[in-house]
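Asker: Take a look at the following structure, please.
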Amino acid sequence: MSALAGIGGVSVRARILIADDSPLVRKSIRRLLETNPEWEVCGEAANGQEAIDQAMVLTPDIIVLDLVMPVMDGLQAARRMAVIAPKIPTVMLTMYASDQLRTEASEVGVQSVISKSQSSSLIDTIETLLAKREEMIGRQSPRSGCQE
């Protein structure tokens, strides 16, 4: 189940923030994620600093970060997110997936690193992280204000 439990057991759509410097990639990820009717993309960011700023305002349930972005890269953003919003799971979707990157990403709080060439596994990863998150924090109240 990917929707989160809301007040009174009513399902709330899971909110996802996407950060990638390419508008085309963000659009592609959005399309992929929104095939699941229980998910909504609540915001998009073109760099790591924008991702942090939006995460603080939008409080998404999951953040999908690219590694290589201007202003602040995905590892730097993940490191800061782990401090300011430690309960929000982060997935790194990158062209540069490697064992070394997985280790570095894990050390800064990223739960999963996925190669962009295997982006279809993003769905399963998000499903798993949402289930774990719901177990950890229990029921959540519905939120509004998702930006398109």
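Bear in mind that the values in this text are calculations on the coordinates, not laboratory data. The shown structure was predicted, so the numbers you read here are calculated from the model rather than taken from an experiment. Glycine gets a Cβ as well: all are built from the backbone with ideal geometry, and neighbour counts include every protein chain shown.
Asker: Using the Cβ atoms and a cut-off under 15 Å, what net charge is assigned to the surroundings of Thr94, where Lys and Arg are +1 and Asp and Glu are -1?
Answerer: -3
Asker: Once both labels are modelled 7 Å past Cα along the beta-carbon direction, what's the Asp124-Met56 spacing in nm?
Answerer: Going from the Asp124 label point to the Met56 one covers 3.7 nm.
Asker: Please compute, for the alpha-carbon atoms of the range 4-134, the extent along each of the three principal axes and give them in descending order in Å.
Answerer: Reported extents, whole Å, longest axis first: 42, 29, 25.
Asker: Further question on the same structure: Hey, with R₀ at 22 Å, roughly what FRET efficiency would Ile84 and Glu135 work out to, going by the Cβ-Cβ distance, to 0.05?
Answerer: Rounded to the nearest 0.05, the efficiency is 0.45.
Asker: Here's a follow-up. Less than 16 Å apart at the alpha-carbon level, and either on another chain or at least 8 residues along: which lysines does that give for Lys116?
Answerer: List returned: Lys27.
Asker: Something else about it: Provide the net charge surrounding Met72, with neighbours chosen by a C-beta distance below 15 Å and charges set as Lys +1, Arg +1, Asp -1, Glu -1.
Answerer: -4
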